[in-house]
Amino acid sequence: MTEIYAILVFLFVLFLLLGSSVWVGLALMGVAWVGMEMFTNRPAGDAMITTIWTGASSWTLTALPLFIWMGEILFRTRLSQDLFRGLAPWMRFLPGGLLHTNIAGCTIFAAVSGSSAATLNMVGKMSIPELRSRGYPEHMIIGTLAGAATLGLMIPPSLTLIVYGVTINESITKLFMAGVFPGLVLAGLFMSYIIFWHFFTKGERPEPEPSMPFGKMMAESLFLLPVMGLVFVVIGSMYLGYATATEAAAVGVVGALVLSAGQRSLTWETFSKSLMGATRTSAMIALILMGAAFLSLSMGFTGLPRAMAELIESYNLSPIGLIAVLTIFYLILGMFMDGLSSVVLTMAIVEPMIRQAGIDVIWFGIFLVVVIETAQVTPPIGFNLFVLQGMTNHEIGYIAKTAIPMVGLMLLMVVILVVFPELATWLPDNIRQRN
Amino acid sequence: MRDWQPFLGLYLWVWLFLFPGAFAFYCLFYRNSARRILLPIWRILDRVYQISGVIAAGFLVMILVLIVGQMTTRWSNVVFPGGTELAGYMMACTSFFALAYTLNHGAHIRVSVFLNMNAFLRFWLDAFAMLIAAIIATYFARYAVKTNFMSEILNDRTQGLDKVPEWLLTFVTMFGTWPWDWSELWAQSGSEMVFTPIWLPQIAMSIGTVLLAIAVWDNLFRLLINQKTSIKSETVE
């Protein structure tokens, strides 16, 4: 009975603090402190600092600010615009036309940045005006963009996967590799949706693009080269085992700096803005991680995670049943908080459960990312919706409505992952790596 | 509770929680006089937050340099012991120094559904949240400082192979002793490399968390005095 009592106390304090808009990291610390004081007789403050210090000064975490920084540099210099410019001519041949640039642009930009907000911003700022002027229907522009931007979370380097890996002590490189194929499949799903739309709603279809001479097309494609090269080096060095995730991130930062300097878009202003932006974002994540570290310690002392794992076991849920329950759980959670917080908040409880049920933790990481992606485009709290609202001045309800087909596709992706788990596990199992 | 034993005749928690809390009420009821008291302090604090952010960014650059250096030395088969620990310390320095700066730029995440409901909640709920956050942050800072001192007393050393020069330790220790003891301090200090004592990087944690606590209290006071939040978030353009 103590367990149920403990759960109720944890949940009550958590919702009270989060609901009254206390910053997530500090709220988690508050919940953890209440738990420590009520259910254990350990000195809460000392245990708290020991855990937080160990977590905050860990080597694994260093990949995080570096990947953020790399994304910031690309975002604030002209590199990402070039990427888009080179991509656009090739999308003309597909049914659905330039709408595919939304998907392809997000996919490639996702490979250089770790967050979906950055991806959405970057691609949206370039594609929305272009697509509007060409007469594509608004709901398709916004909807596909909202959906595709979530790829930023999945395609490596992914901040969510780094945080997940740090929380459960698993190899980040492995997680990154696991994200590649599911990310591509999801991008494929989005693209096929556009093709379906093209064939089934003839009325909305805009005029096809005038064709461009082949020579000019190739010339435009040259703009793709620098960023594609960078992506190739960063991801390749990691997967071929030349570098750890942190080192690959460092290579990415240096590469992005060199490229933008070569292009003369690296000024002191863009450099310092990117650096300070990266510092802020990584401190934001660090504070949440600190709170989460203390919360898992506190929960561990109460014995709650073990009790929950045993409870799940006593229900004799099949792994599929457990996954179904967790999907609904994370979707609901994701409606009210951002992806990172919901990962760190729940892993202390969920990790023992999935290990108990014999579910592969690497696979689970990818599953989790897909579900969290879905939650990013569902109201009332969906980060992508907020960013799009800021960019387009549409009502959040309208944006959410345009994204409904994408939510459906992402849920389909969850099913695909469950049916074909090899999609996530094959690559990390078959590539040599160093840690 | 020994952790809160009296300091200058009053329990520590009176200093850390009651006095700032009472001052918050003062700010609420005597806005003009509170503003006069705080204005010069704000000018200094704004500078301090900014500087701590720049220091954090400096450590981020150092992480980059260290990791790139580590890769190049590995390719040239030179072993560079303790690099991972050093990068870890710098990571901690980056995170902790940037906490207050990040708060003032509105980059820390919070659930703002209820906050955005109406003007009444925007003010009072924000004030309540800041009060709770300030208490938690102060608690965090108090134990961070305590742990820092305990590491020094217990002479807690690194578990890795990283070393720092002894003169650096002596230099930092200087600020914790009286000037008339400095000559003796330097006389005892050698010039060889020693295993990193944990208290050295933990100073970043102490400074960072104390700054965070100050920043949250400060934001609460500013909210109550100016009747609107002074946290400006840079929305993604």
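Some values worked out for this structure:
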| item | result |
| --- | --- |
| Projected area averaged over orientations for segment A:116-241, convex hull of C-alpha atoms, nm² | 9.7 nm² |
| Nearest-0.05 FRET efficiency for A:PHE199 and B:MET62, computed from C-beta distance (R0 51 Å) | 0.40 |
| 0 to 90° range, to nearest 10: angle between helix B:83-104 axis and chain B longest Cα axis | 20 degrees |
| Estimated FRET transfer efficiency when R0 is 35 angstrom, pair A:ILE4-B:PHE123 (beta carbons, to 0.05) | 0.40 |
| C-alpha long axis of helix A:63-76 to longest principal axis of chain A, angle in ° | 30 degrees |
| Helical contribution to [θ] at 222 nm, DSSP H n ≥ 4, -39,500 (n - 2.57), averaged over chain A, rounded to 500 | -25000 deg cm²/dmol |
| Residue-span extension gain [A:VAL325 to A:MET218] - 0.36 nm each, minus C-alpha spacing | 33.6 nm |
| Other-chain or far-sequence residues with amide H under 5 Å of B:VAL194's (modelled H) | B:VAL164, B:GLU166 |
| In Hz, Karplus ³J(HN,Hα) per residue of segment B:217-231 (6.51, -1.76, 1.60; θ = phi - 60°; x = Gly, Pro) | 4, 4, 5, 4, 4, 4, 4, 5, 6, 8, 6, 8, 5, 9, 7 |
| Crossing angle, helix A:172-200 versus chain A [Cα axis fit, 0-90 degrees, rounded to tens] | 50 degrees |
| Within a Gaussian network of chain A (alpha carbon springs, distance under 10 Å), most fluctuating of A:PRO226, A:PRO319, A:PRO305 | A:PRO319 |
| Kirkwood Rh (inverse of mean 1/r, distinct Cα pairs), segment B:1-158, angstrom | 19.5 Å |
| A:SER272-A:GLU37 pseudo-label distance in nm [points 7 Å out on the Cα-to-Cβ vector] | 4.3 nm |
| Highest average packing first - B:22-30, B:193-201, B:209-217, B:101-109, Cβ atoms within 10 Å | B:209-217, B:101-109, B:193-201, B:22-30 |
| Cα centroid separation - segment A:241-264 against segment A:346-394, whole Å | 28 Å |
| Over chain B, relative contact order from alpha-carbon pairs under 8 Å, at least 6 apart, % | 29 percent |
| Farthest toward positive dipole pole in the protein assembly as shown [+1 Lys/Arg, -1 Asp/Glu at C-beta], among A:ALA307, A:VAL24, A:VAL166 | A:VAL24 |
| Pairwise centroid distance, computed over Cα atoms, of segment A:57-90 with segment B:68-119, Å | 17 Å |
| Net charge dipole size for chain A [Lys, Arg +1 and Asp, Glu -1 on Cβ; Debye, nearest 20] | 920 debye |
| Convex hull projection area averaged over all views, the protein assembly as shown, Cα basis, nm² | 33.1 nm² |
| If the convex hull is drawn through the Cα atoms of segment A:337-398, its volume per residue in Å³ | 81 Å³ |
| Relative contact order, percent, segment A:305-408 [alpha-carbon distance under 8 Å, six or more residues apart] | 30 percent |
| Calculated from backbone phi, Karplus (6.51, -1.76, 1.60) coupling profile of segment A:245-260 in Hz, x at Gly/Pro | 4, 5, 5, 4, 5, 5, 4, x, 5, 4, x, 5, 5, 5, 4, 5 |
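Any read-out appearing in this document is the output of simple, stated calculations on the displayed coordinates, not a laboratory observation. The structure presented is a predicted model; accordingly, all values stated were derived computationally and were not measured. Heads up, the Cβs are rebuilt from the backbone with ideal geometry, glycines too, and the neighbour counts pull from every protein chain shown.
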